[in-house]
Amino acid sequence: MDNRIRDLREDHDLTQQQIADCMGITQRKYSYIETGTQPLTDELLVKLADYYGVSIDYLLRQTDNPVRNI
């Protein structure tokens, strides 16, 4: 999961600080989440999926298809 989240951020040319600001957390906390040091909460998982427009399953590496089934 950490690599997919980092890859999405880098693919969008964003910094950890920019994503942390959007998520309402500190850059340090976001860094810990991205490296897997701190678990990703349900709330932040939903926020990241919404931000990037991908499915939660994609973020959790349950699928390689980023498309959300609405």
Q) To the nearest 500 deg cm²/dmol, what mean residue ellipticity at 222 nm is calculated for the chain from DSSP H runs of n ≥ 4 alone, each contributing -39,500 (n - 2.57), summed and divided by the residues? A) -16500 deg cm²/dmol
Q: Can you check what the net charge comes to around residue 19, using other residues whose Cβ is under 9 Å from the Cβ of residue 19 (Lys, Arg +1; Asp, Glu -1)?
A: -1
Q.
Treating the chain as a set of equal point scatterers at the Cα positions, no solvent, please give the Debye-formula log₁₀ I(q)/I(0) at q = 0.20, 0.26, 0.27 Å⁻¹.
A. -0.76, -1.33, -1.43
Q.
Among 13-20, 27-34, how do they line up by average Cβ neighbours within 10 Å per residue, starting with the highest?
A. 27-34, 13-20
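So what is the relative contact order of the chain, in percent, for Cα pairs below 8 Å that sit 6 or more residues apart? Don't skip to the answer; put the middle values down first.
On the way: 57 pairs, mean separation 19.5, N = 70.
Result for the chain is 28 percent.
Laboratory data are not the source of any read-out in this text; all were calculated from the coordinates shown. These figures come from a predicted structure and were not determined experimentally. With ideal geometry, Cβ positions are generated from the backbone for all residues, glycine too; neighbour counts draw on all protein chains shown.
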